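These notes are about the structure you will find just below.
The values are calculated or read from the model by the stated rules, or taken from the named source; none is laboratory data. Small disclaimer: the values here were computed from a predicted structure and weren't measured. Positions of Cβ are backbone-derived with ideal geometry, glycine not excepted, and every protein chain shown enters the neighbour counts. To get the accessible areas, we keep the full protein, side chains included, count just its heavy atoms, and leave off ligands, DNA and RNA. Shrake-Rupley method; radii C 1.70, N 1.55, O 1.52, S 1.80 Å.
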Amino acid sequence: MPTDILSLVLAAVLGYLSGSIPFGLLLTRAAGLGDIRNIGSGNIGATNVLRTGNRQIAAATLVLDALKAVVPILLARYFWGEDAARLAALGAFLGHCFPVWLGFKGGKGVAVMIGSLLALAWPVGLIFCAVWLLIAFARKMSSLAALTAAATAPIFAYVLNNERLALVVLGLALLLFFQHRENIARLLKGTEPTINGKKAS
């Protein structure tokens with residue numbers, strides 16, 4: 001296997017292994033909150049961790065889920081270059097959403113996408129966060145905020161960076177949409193709960 005192909009494979013594997021660390025599950029268990037998979041949506045991400053009522057654990061989950069994308073991206077960039085960094089981002093996202101240790105049932109990928117964008121091109125990451133916050137405050141729905149931010153991210157990646165990054169970000173966005181398919185169905189029906197727990201009108 002050529003060295004450049006090998007480096008890309010290693011970057012993807014590194015990203016997957018890092019992304020598959022289930023911080024939400026580990027932190028909630030360590031805090032004595034039980035198995036997060038038996039709470040709320042059963043998701044291992046920060047939004048579901050917040051349903052335990054422990055904001056500190058939810059915040060820690062958010063940060064660590066972002067970092068598990070940042071770390072392999074930075075390592076891949078340092079050792080193998082920018083293409084490897086992009087593959088590490090995809091690997092981390094796949095690892096988070098489909099961790100082999102949990103029967104390929106993981107999180108929805110919002111925090112991992114934030115970490116990936118900040119590590120790949122921080123201006124795009126900041127715009128993603130700004131769009132998320134704007135929609136979250138305006139409509140009070142976390143899922144709608146995440147979907148809107150993800151939908152616009154490839155455009156900003158193309159304008160502010162290049163088409164290669166835009167294609168990778170598009171891939172991340174499509175995966176995020178897939179993971180939010182149940183949320184999308186509820187949004188269309190008008191039954192998606194808001195951040196404060198009420199049903200959307």
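Rank these by accessible area, largest first, 1.4 Å probe: SER41, SER7.
SER41, SER7
When N is the residue count of segment 126-201, what does its C-alpha Rg come to as a fraction of 2.2 N^0.38 Å?
Scaled against compact globular proteins, the figure is 1.16.
On a full-extension model of 0.36 nm per residue, what is the gain between ALA31 and THR191, subtracting their alpha-carbon distance, rounded to one decimal in nm?
Length gained between ALA31 and THR191: 54.4 nm.
Gap in Å between the Cα centre of segment 140-201 and the Cα centre of segment 80-104?
Using only Cα atoms to place each centre, the spacing works out to 19 Å.
How much accessible area per residue does the chain have, in Å², with a 1.4 Å probe?
Dividing the accessible area of the chain by its residue count gives 51 Å².
Take segment 1-77, compute every pairwise Cα distance, and split them into 10 Å bins from 0; I just need the percent in each bin.
20, 40, 22, 13, 4, 0
For segment 132-201, which trypsin sites (Lys or Arg not before Pro) are in a loop by DSSP, counting at most 16 other Cβ atoms within 10 Å?
Loop-located and lightly packed - LYS140, LYS198.
Along each of the three principal axes of the Cα atoms of segment 50-117, give the extent in whole Å, ordering the values from largest to smallest.
41, 25, 15
I want to verify a result. In a Gaussian network model of the chain, Cα cutoff 10 Å, which of these has the top mean-square fluctuation: ALA92, ALA153, ALA31?
Its mean-square fluctuation being the largest, the pick is ALA31.
Express in Å², to the nearest 10, the accessible area of ILE5 obtained by rolling a 1.4 Å probe over the protein heavy atoms while all chains stay in place.
Number for this one is 80 Å².
Working only with C-alpha atoms, what are the Rg and Dmax values of segment 74-148, expressed in angstrom?
Considering segment 74-148 through its Cα atoms, Rg and Dmax are 14.0, 42 Å.
Is any residue of segment 114-153 close enough, with backbone N under 20 Å, to a label point placed 7 angstrom from the Cα of ARG51 along the Cα-Cβ axis, and if so, which?
Within reach of a label on ARG51: 136, 140-147.
With N denoting the number of residues in the chain, provide Rg(C-alpha) divided by 2.2 N^0.38 Å, to two decimal places.
The chain yields a ratio of 1.00.
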